[in-house]
Amino acid sequence: MHMIQKRFIRKKSVRSRLGSQVWRFVQMAVWAVPALVMWLTPYRVGRPGMRAIGQLAAEPDYFLKKSALGDCPNIEPIFFNKRGYGLNAALLDVWARHVKITTNRIAYDLLRPFEYFRFLRIDFVDVLLPVDRPAQYQTIVNRWGHRPPIFRLPNEILAEGYRALREMGVPDGAWFVPVHARDGIFAPTVEHRYDYRNCHISNYTAGVDAIIARGGWCIRMGEKGTPPIAERQGVVNYPDTLFKSDWMDIFLCNQARFFLGNTSGLKMVSTISGVPCAAANMIPHDCAFGFLRGDISIPKLLRIEDGTMPRFAEIFASDLSRYHESWQFTDAGVILVENTPQQIHDLAIEMLDVLDGKAQRTAEDEARQEAFRRLLTPRHHAYGTSSRIGAAFLREHAHLL
């Protein structure tokens, strides 16, 4: 029965693609003359973000940094998308301070066919989601270096954000860390494809305790209805408050001391803000690293059918490191093993020690770090990164290096 269903879905997908190609050809025929006219002007079109906040953060940031570095001379960009579920309107509004953006439905329908003409399209395909290639966002981060972020919140959002923090119980002057564990609430229609990226917030408890013990506050991120962090002093379950909103999501990621998360797009708002990320449960392995030099991450482990854990070199040398949908792991008989509370605690402590200027890393730690990074090849998403894997994690799993 399972195979019959898969064949039916495959045939349906083929018919859908064929219909889309026919409709695309029709639109290109109709828009051919307007496209040629636009080609004679400096205007070019791009559709960043789709519904994913990670893309909506990174793709405009990528373009604006390229432009600032002189890579897009004589181009007048027009970005377009549709407001609605899944699209963070506040993030779009901030980007609209830098580049022309329209979310009008009629404008969307009129502009979208211009995307089909390569000479008019600002292409975002490889910024975050390339296939068998490094993410171009890593390239622009490396070139940008230590320059200040382009993405900055306006003063009115900063003022409102800190007022909301006070009303949620966070004292004036206190530093805080957004804590996020991806679940299936945000996008249930595609959950069957991407649930391999999910993890349990309960495993973050020890990391939360470490942050509170060092004087910080932890702000649980997510959608309404997401499992909370156990209530205690120093914790705010933000999705349960009246302050949950698009703009507050952005404010918390932008003003954090660091972001404690996992494989989800929300942490990219911190990345474009220059805020370092401590990310646990990173998967697939070719995405195990962060983008910023100050990022620290640890990957999920894999267990294969015979019960053993493959060595990291075996993972990176195979397609296992580049599986991007849940069915691939299932068909390969691979079990994903979440990071333990102790591992996430150690990750949070390392980030805190780095930020406090008291991280202690031995020569053996650095050797393991370089051994892991050397496993990346130009076919891997994170190739070219300068970020790190957690030192304690690599010590614990040195036998897999």
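The packing ranking of peptides 267-279, 105-117, highest mean first, is 267-279, 105-117, where packing means the average number of other beta carbon atoms within 10 angstrom of each residue. Carbon-plus-sulfur accessible fraction, the chain (probe radius 1.4 Å, protein heavy atoms only): 57%. Using the alpha-carbon positions of the chain, Rg (one decimal) and Dmax (whole number) come out as 21.9, 65 Å. Taking the DSSP beta bridges with both ends in the chain, the antiparallel portion is around 10 percent. Residues in segment 269-286 carry Karplus couplings, in order, of 5, 5, 4, 5, 8, x, 8, x, 10, 9, 10, 9, 6, 6, 7, x, 5, 6 Hz; the curve used is 6.51 cos²θ - 1.76 cosθ + 1.60 with θ = phi - 60°, and Gly or Pro positions show x. For the chain, modelled as a GNM whose springs connect Cα atoms under 10 angstrom apart, the maximal fluctuation among ASP249, ASP172, ASP209 occurs at ASP172. In this structure, the residue pairs whose Cα-Cα separation is over 24 Å, taken from LYS224/LYS300; LYS224/LYS267; LYS244/LYS358; LYS65/LYS358, are LYS224/LYS300; LYS244/LYS358; LYS65/LYS358. Whole-Hz Karplus values for segment 306-320 come out as 7, x, 8, 9, x, 5, 4, 4, 5, 5, 6, 7, 10, 5, 3 Hz, taken residue by residue from phi with 6.51 cos²θ - 1.76 cosθ + 1.60 and θ = phi - 60°; glycine and proline positions read x.
For the chain, what is the relative contact order in percent, using Cα pairs closer than 8 Å and at least 6 residues apart in sequence? About 16 percent, as a whole number. In terms of the mean number of neighbouring beta-carbon atoms within 10 Å, the peptides 31-37, 296-302 order highest first as 296-302, 31-37.
Decide, for segment 62-163, between rounded, prolate and oblate: order the square roots of the alpha carbon gyration tensor eigenvalues as a ≥ b ≥ c, take rounded if a/c falls under 1.5, and otherwise choose prolate if a/b is larger than b/c, else oblate. It is oblate, given that a/c is not under 1.5 and a/b is not larger than b/c.
With a simple spin-label model that places each label point 7 Å from the Cα along the Cα-to-Cβ direction, the separation between LYS100 and ALA68 comes to 2.2 nm.
Compute the Cα gyration tensor for segment 103-160, then decide on rounded, prolate or oblate, letting a ≥ b ≥ c be the square roots of its eigenvalues: rounded whenever a/c is under 1.5, prolate when a/b is larger than b/c in the other cases, and oblate in all that remain. Verdict is oblate for segment 103-160. Over segment 206-365, accessible surface divided per residue gives 37 Å², non-protein components excluded, 1.4 Å probe. Judged by the mean number of other Cβ atoms found within 10 Å, the most tightly packed of the peptides 55-61, 149-155, 197-203 leads the ranking 55-61, 197-203, 149-155.
The values are calculated or read from the model by the stated rules, or taken from the named source; none is laboratory data. Please read these numbers as outputs of a predicted model, since none were measured by experiment. Glycine also receives a Cβ, built like all others from the backbone with ideal geometry; neighbour counts cover every protein chain displayed. All accessible areas refer to the heavy atoms of the entire protein, side chains included, with ligands and DNA or RNA removed. Shrake-Rupley method; radii C 1.70, N 1.55, O 1.52, S 1.80 Å.
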